[in-house]
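First up is the structure itself, then whatever we jot down about it.
The values are calculated or read from the model by the stated rules, or taken from the named source; none is laboratory data. Predicted model only: the values in this text are computed from it and were never measured. Heads up, the Cβs are rebuilt from the backbone with ideal geometry, glycines too, and the neighbour counts pull from every protein chain shown.
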Amino acid sequence: MTQVAARGKQNVIVAILGAIAIALMVAIYFLPVWWVSLTAPQYPKTAFPEGIRIHFHMNGVFNGCPRVQKKEIEEEVVLDCVHEMDAINHFVGMYPTGAGGVVEKAFSPFLLFFLALLVLGFIIPQPKLRFAVTMVGWAIMVGWMYMTMMTPGGIRYQPASYIKSLVTALGEGKEEAGEELSPIIAKLEEELKKSGSSFVKAEEVRSKLEETGQKQLSEIIGQLNRGGEGMQTKSLKQILEEAKQKGEGKEVNIEILRQAFLTDQARKPPEKRQKWTGSGMQVLLWHYEKTLGRWFNDPKRNVPLVKTMTTAAWAVFWGLIIIPPILFFLGSFGPRIFYWLMGIVPALLPVAFVVEYSAWLYWFGHNMSPMGAFTLKPFMPTVFGQGKVAQFTTHSYPHIGFFLMLAVAVVMILAVLIRRKQLKEQEQQAA
């Protein structure tokens, strides 16, 4: 009776630890996981107390700059530091932050759901019940994912924060409106010159942008109207400004994406235009292509990247359909190593994030466009701590979401150790 009570107590402890891990995963999705900032002389602390700061979430990149409220400075609108960071980076040929982790961000709800199912399966000691519960969860996940990624209007099934991040990644439309960037170039030119980086003059930058279609002072950006007949001459900046007048919210942001999509399609030959479906997969792939070409209209480089990301998106989609049921079956009825994987894989969440984050930083630093105003040698951006790029000091540190990931790891390791001790005791008693 004592042994049975002990096993029951151990099951309860493992279940509580698993429930804590799942709750932490839910919180992680809505919290910043990592933050990065740039500081430089032209960004004084009085106006930029934390430099140009951005926050990385599981589902996007968000503004990390606080509202400045001082006697000499009072901001009515918080500076969009995502746009500011992208504007700075593109001078050295670096793609916008929105070009990184696009598949991971789009599928993050389903990937976390899968990890939660692994935890749920691990805490259930009975194999048959474990398999039944995890398969029901898998069916729910696949149904949600299919509706989101494949059905018309499926983008609405994504969390509002993800949709907001897509709109943020479009920038403020300044580059499409042809607003001058030369004041910033002039400041950076002198500083990059000191660092030994090669550079071109602002006049040459303007000429290059005009040749590649980036500066569109004279180009009319067509837009199909809602009825699909006729065209309007609205730029992305106009679309964003009109949307601000309507307020904010999920539906407004979806409408911004739809209008921007129609604008892009209207610029293409009729035979190559796509109809707006609003599926998650359509928005993902179109937005990635849009983000790549936002500063650098270079089809020779961008088209292969879009094809690669298309393959990756479909691989993740089908992987989440095929792999979970196999793992759940083996974790319930196969060799015990697969059962342990159900507890160990969620514990590797912080490691997986750091590896993924580092890989994307490497990609950004080694895949810079030659269209940048300045030329830097390929480099590895700082993953953790402070670094130096030209005259900029970079700061890269974990945020609260990453510490919660570490908590998930600790909780799941404890659950695995307790379960291991429990099963070892049972085997000894059976012998």
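Could you tell me whether any residue of the range 354-362 is over 18 Å from L115 (Cα atoms), among the polar types (S, T, N, Q) and either touching a strand residue (DSSP E or B) at 6+ places or on another chain (Cβ under 9 Å) or not assigned by TED's automatic domain parsing to the domain that holds V133 (or both)? Quick ask: steps written out before the conclusion?
First, pick out the residues of the range 354-362 that are over 18 Å from L115 (Cα atoms): 357-362.
Add one more test, that the residue is among the polar types (S, T, N, Q), and what stays is 358.
So of that shortlist, the ones also either touching a strand residue (DSSP E or B) at 6+ places or on another chain (Cβ under 9 Å) or not assigned by TED's automatic domain parsing to the domain that holds V133 (or both) come out as none.
So far as the range 354-362 goes, no, none of its residues is over 18 Å from L115 (Cα atoms), among the polar types (S, T, N, Q) and either touching a strand residue (DSSP E or B) at 6+ places or on another chain (Cβ under 9 Å) or not assigned by TED's automatic domain parsing to the domain that holds V133 (or both).
Have a look at F333, F317, F328 and point out the one that is surrounded by 16 or more Cβ atoms within 10 Å (Cβ to Cβ) and either over 19 Å from F107 (Cα atoms) or at pLDDT below 95 (or both).
The match here is F328.
Residue check: is V133 surrounded by fewer than 19 Cβ atoms within 10 Å (Cβ to Cβ) and not aromatic (F, W, Y)?
yes
In this structure, does L129 turn out to be assigned by TED's automatic domain parsing to the domain that holds A415, under 28 Å from F56 (Cβ atoms) and in a helix (DSSP H, G or I)? So that I can check it myself, show each step before the final result.
Working: assigned by TED's automatic domain parsing to the domain that holds A415: yes; under 28 Å from F56 (Cβ atoms): no; in a helix (DSSP H, G or I): yes.
Spelling it out, it is not the case that L129 is assigned by TED's automatic domain parsing to the domain that holds A415, under 28 Å from F56 (Cβ atoms) and in a helix (DSSP H, G or I).
Suppose the filter is within 23 Å of the chain's Cα centre (by Cα), of a type outside the set (S, T, N, Q) and under 17 Å from S37 (Cα atoms); does L361 pass it?
Values: within 23 Å of the chain's Cα centre (by Cα): yes; of a type outside the set (S, T, N, Q): yes; under 17 Å from S37 (Cα atoms): yes.
Here the answer is yes, as L361 does meet what is asked.
Looking at this structure, is G213 more than 24 Å from the chain's Cα centre (by Cα) and either under 28 Å from H366 (Cβ atoms) or modelled with pLDDT of 95 or more (or both)?
Numbers: more than 24 Å from the chain's Cα centre (by Cα): yes; either under 28 Å from H366 (Cβ atoms) or modelled with pLDDT of 95 or more (or both): yes.
The answer is yes for G213.
When the residues of the range 262-280 are filtered to those that are farther than 11 Å from P152 by Cβ and touching a residue at least 40 places away in the same chain (Cβ under 8 Å), which remaining residue is surrounded by the most Cβ atoms within 10 Å (Cβ to Cβ)? Steps first, answer last, please.
Looking only at the range 262-280, we keep the residues that are farther than 11 Å from P152 by Cβ, and these are 262-274.
Pick out the ones that are also touching a residue at least 40 places away in the same chain (Cβ under 8 Å) and you get 263, 265-267.
Details: T263: 23, Q265: 18, A266: 19, R267: 15.
Looking at residues that are farther than 11 Å from P152 by Cβ and touching a residue at least 40 places away in the same chain (Cβ under 8 Å), I get T263.
State whether one or more residues within the range 47-62 are assigned by TED's automatic domain parsing to the domain that holds V416, part of a helix (DSSP H, G or I) and in contact with a helix residue (DSSP H, G or I) (Cβ under 8 Å, 6 or more places away or on another chain). Steps first, please.
So the first thing to find is which residues in the range 47-62 are assigned by TED's automatic domain parsing to the domain that holds V416, and the list is 47-62.
Now narrow it down to the ones that are part of a helix (DSSP H, G or I): none.
For the range 47-62, residues assigned by TED's automatic domain parsing to the domain that holds V416, part of a helix (DSSP H, G or I) and in contact with a helix residue (DSSP H, G or I) (Cβ under 8 Å, 6 or more places away or on another chain): absent.
For the range 276-302, enumerate the residues that are farther than 15 Å from G100 by Cβ and among the basic types (K, R).
If the condition is that a residue be farther than 15 Å from G100 by Cβ and among the basic types (K, R), then K300, R301 are the ones that fit.
Quick one: in the range 367-380, of everything that is surrounded by 15 or more Cβ atoms within 10 Å (Cβ to Cβ) and modelled with pLDDT of 80 or more, which residue is farthest from Y357 (Cα to Cα)? Break it down stepwise before answering.
The first filter runs over the range 367-380 and keeps only residues surrounded by 15 or more Cβ atoms within 10 Å (Cβ to Cβ), leaving 368-369, 371-374, 376, 379.
This time we only want the ones that are modelled with pLDDT of 80 or more, so: 368-369, 379.
Working: M368: 17, S369: 20, F379: 15 Å.
In this case the residue turns out to be S369.
Going by the structure shown, is A407 of a type in the set (G, A, S) and either surrounded by 19 or more Cβ atoms within 10 Å (Cβ to Cβ) or on the phi > 0 side of the Ramachandran plot (or both)? Don't jump to the end; show me each part of the working.
Details: of a type in the set (G, A, S): yes; either surrounded by 19 or more Cβ atoms within 10 Å (Cβ to Cβ) or on the phi > 0 side of the Ramachandran plot (or both): no.
No, not satisfied.
What are the residues in the range 23-42 that are in a strand (DSSP E or B) and of a type outside the set (G, A, S), if any? Walk me through how you get there before you give the answer.
Just the residues of the range 23-42 that are in a strand (DSSP E or B), to begin with: 34-39.
Scanning the range 23-42 gives W34, W35, V36, L38, T39.
Has the range 381-396 got any residue that is surrounded by 17 or more Cβ atoms within 10 Å (Cβ to Cβ), modelled with pLDDT under 90 and assigned to a helix (DSSP H, G or I)?
The answer is no; no qualifying residue exists.
Restricting attention to helices (runs of 4 or more DSSP H) lying wholly within the range 222-298, give those where 1 or more residues are outside the structural domain of M145 (by TED's automatic domain parsing) and modelled with pLDDT of 85 or more.
On the way: elements: 236-246, 250-266, 280-292.
Qualifying helices (runs of 4 or more DSSP H): 250-266, 280-292.
Could you tell me whether F131 is modelled with pLDDT of 90 or more and under 19 Å from V33 (Cα atoms)? Even if it seems obvious, please write down each step before you answer.
Details: modelled with pLDDT of 90 or more: yes; under 19 Å from V33 (Cα atoms): no.
Spelling it out, it is not the case that F131 is modelled with pLDDT of 90 or more and under 19 Å from V33 (Cα atoms).
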